[in-house]
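Readers should treat all values here as calculations from the given coordinates under stated rules, not as data from a laboratory. Quantities reported herein were computed from a predicted structural model and do not represent experimental measurements. Cβ placement follows ideal geometry from the backbone for every residue including glycine, while neighbour counts extend to all protein chains displayed.
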Amino acid sequence: MQSESSEQVRSVVAAADTRGKHRISAELKRLEQETRFLEEELELLDKMEKASATCKEMLSNVETNPDPLLPVTHGPTNPSWDRWFEGPQDASGCRCWIL
């Protein structure tokens, strides 16, 4: 009876150990795959241009070319609208409670 129970324990331990080894090897393979992916990504980054040069080029293009979706205006279309965006001419003339 004693030997049967010890054999069952050994078989259970061996099965659990095999499952543990499989999990460890699967985790190791996943980490190796992730390492390879990161190394490939680093190689691609090394081959790319510097980001600052690309940003400077894009900035110069944006600053020199007008936006095609916005109309080109030279000064206000209606000068009377400017008074709404200016502050009061003198403090005594301002009767608003917000300011």
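Work out how much length Leu31 to Asp46 would gain on full extension: take 0.36 nm times their residue separation and subtract the Cα-Cα distance, in nm to one decimal.
3.2 nm
Grab the other residues whose beta carbon is less than 14 angstrom from that of Gln33, score K and R as +1, D and E as -1, and report the net.
After counting each charged neighbour, the total is -3.
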